Amino acid sequence: MNATPNSGEGINAPPPHEAYANAPNLRREMHRVLALGAERDGREARPVTGPPVDATAAERAWRLRRAVLMDRMALDNPGPGPVAAAAETAEQLLLHDRRHPNLVAGPLHPDAITLAPSRRLYVRQEYAAWTAAGRPAT
């Protein structure tokens with residue numbers, strides 16, 4: 001049987017409980033995603049301590065964490081609103097990764113995904129690979 005990424009089969013994404021096992025609790029992550037968004041939009045100054053930030057990588061981290069947050073919220077409350085928000089943020093991450101393939105962390109490239117059912121699986125794949133590579137989940 002040929003598994004296709006469009007069906008969700010063949011995507012090396014761990015189940016949510018594994019992908020998000022070490023993720024901060026939802027409330028903490030929501031605050032962090034909002035803070036990252038404020039830094040991104042210039043509404044809040046980034047702390048000057050630490051090395052300079054690569055803007056594209058920072059944008060990608062914000063998009064990934066936002067997509068993960070929405071996915072987790074949709075898993076907790078699978079109503080139409082949360083599911084639509086998870087699908088939309090997954091799509092935004094996918095489009096970003098297509099423009100910046102060097103930032104993709106997981107084994108399945110975003111060009112392999114064309115239909116919506118596998119986009120949230122892509123988010124899980126990328127978060128699991130991102131955290132496995134030592135990216136902080138703070």
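Scanning the range 1-29 for residues that are modelled with pLDDT under 85 and in a helix (DSSP H, G or I) turns up P5, N6, S7.
Check whether at least one residue in the range 30-39 is surrounded by 12 or more Cβ atoms within 10 Å (Cβ to Cβ) and modelled with pLDDT under 85, and report yes or no. Explain how you work it out, then say what you get.
Initial filter on the range 30-39 (surrounded by 12 or more Cβ atoms within 10 Å (Cβ to Cβ)): 30, 32-39.
From the residues that got through so far, the ones that are modelled with pLDDT under 85 too are 39.
Within the range 30-39, one or more residues are surrounded by 12 or more Cβ atoms within 10 Å (Cβ to Cβ) and modelled with pLDDT under 85.
Residue check: is L108 assigned to a loop (DSSP other than H, G, I, E, B) and either over 13 Å from the mean Cα position of the chain (by Cα) or not charged (D, E, K, R) (or both)? Answer is yes for this residue. For the range 106-123, the criterion of being buried (at least 21 other Cβ atoms within 10 Å of the Cβ), modelled with pLDDT under 95 and charged (D, E, K, R) is satisfied by at least one residue. The residue pairs whose first member lies in the range 89-111 and is among the β-branched types (V, I, T), whose second member is modelled with pLDDT of 90 or more and surrounded by 16 or more Cβ atoms within 10 Å (Cβ to Cβ), and whose beta carbons are closer than 6 Å, counting only pairs six or more residues apart or on different chains, are T89/R66; T89/A67; T89/M70; V104/D97.
Checked against (1) out of contact with any Lys or Arg (no Cβ under 8 Å at 6 or more places or on another chain); (2) over 11 Å from R120 (Cα atoms); (3) modelled with pLDDT of 95 or more, E88 passes all but a single condition, namely (2).
The values are calculated or read from the model by the stated rules, or taken from the named source; none is laboratory data. Nothing here was measured: the structure is a model prediction, and the numbers come from that model. So basically every Cβ, Gly included, is an ideal-geometry build from the backbone, and we count neighbours across all protein chains shown.
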